[in-house]
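The values are calculated or read from the model by the stated rules, or taken from the named source; none is laboratory data. On a predicted model such as this, the values are computed, not experimentally measured, just so you know. Cβ coordinates were reconstructed from backbone atoms using ideal geometry, including for glycine residues, and neighbour counts include every protein chain displayed.
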Amino acid sequence: MRKLTYYIACTIDGFIGDPEGDATSMFKYTDGEYARWMGAEYPETIPTQGREHFGIDGPNKHFDTVIQGAGSYRLALDIGVTSPYNHLRELVATRSLAESPHPNVELISDDLVGRVRALKAEDGPLDIWLCGGSTVAGELVDEIDELIIKTYPQVYGTGMPMFGAGFEPRDFELEDVRAFDNGVLVRRYSRKR
């Protein structure tokens, strides 16, 4: 059974973007030792154009599939990129797009949980990456097997939370913590079932 991993960047106070979902203020931390680690350890999470720019051409290490919401996908569409993770199988949870703009992008307009359960049941050595956003993570919170939280040294005060879900405690176990010289902290948790 494959895992669903929510691999996400957030602020110290747990926001993945400002109130409109913009997280560009965090980009200034994606350099140096941390950038080298991301490129070496999670190369598949770097968009295809970024991989080309930085000369990352190695195999995917953890994920062969990415799921994201329409808001996250819209960021790529707005700059003319119809398959931002063309090196992965891409799925977009959306009710606003009626037709996929790229053959590599599968749209999911209903039964997101059922589609994710089917993906998890597939055979394969690599897992599924939940890229964002908040609403999709909220819908899939009970399907998430692992959290990898990249905490950037910023406080927003308000914004888009990691999970757009109602209150219900869910337990995870800390597996690993790594601190970088630029103040970024990466924590990995596994789901306690």
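General remarks:
- Single residue of region 114-136 satisfying the filter (within 14 Å of G69 (Cβ to Cβ) and aliphatic (A, V, I, L, M)) that is surrounded by the fewest Cβ atoms within 10 Å (Cβ to Cβ): V116
- Residue that is surrounded by 16 or more Cβ atoms within 10 Å (Cβ to Cβ) and more than 14 Å from the chain's Cα centre (by Cα), where the choices are T151, T94: T94
- Yes/no for I16 being under 14 Å from the mean Cα position of the chain (by Cα), more than 27 Å from E122 (Cα to Cα), surrounded by 17 or more Cβ atoms within 10 Å (Cβ to Cβ) and at pLDDT 95 or above: yes
- Filter pass, D78 being farther than 30 Å from V177 by Cβ and either within 15 Å of the chain's Cα centre (by Cα) or surrounded by fewer than 19 Cβ atoms within 10 Å (Cβ to Cβ) (or both): yes
- Set side by side, the residues E168, E146 differ, and just one is charged (D, E, K, R) and modelled with pLDDT under 95, which is E168.
- Boolean, G183 is modelled with pLDDT of 95 or more and surrounded by fewer than 19 Cβ atoms within 10 Å (Cβ to Cβ): yes
- Qualifying position, being part of a helix (DSSP H, G or I) and either of a type in the set (D, E) or more than 19 Å from the chain's Cα centre (by Cα) (or both), among D142, D123: D142
- Residue that is more than 29 Å from R193 (Cα to Cα), surrounded by 14 or more Cβ atoms within 10 Å (Cβ to Cβ), among the acidic types (D, E) and in contact with a Leu (Cβ under 8 Å, 6 or more places away or on another chain), where the choices are E139, E146, E99, E106: E106
- Scanning region 7-29 for residues that are β-branched (V, I, T), within 11 Å of T158 (Cβ to Cβ) and assigned to a loop (DSSP other than H, G, I, E, B) returns no hits.
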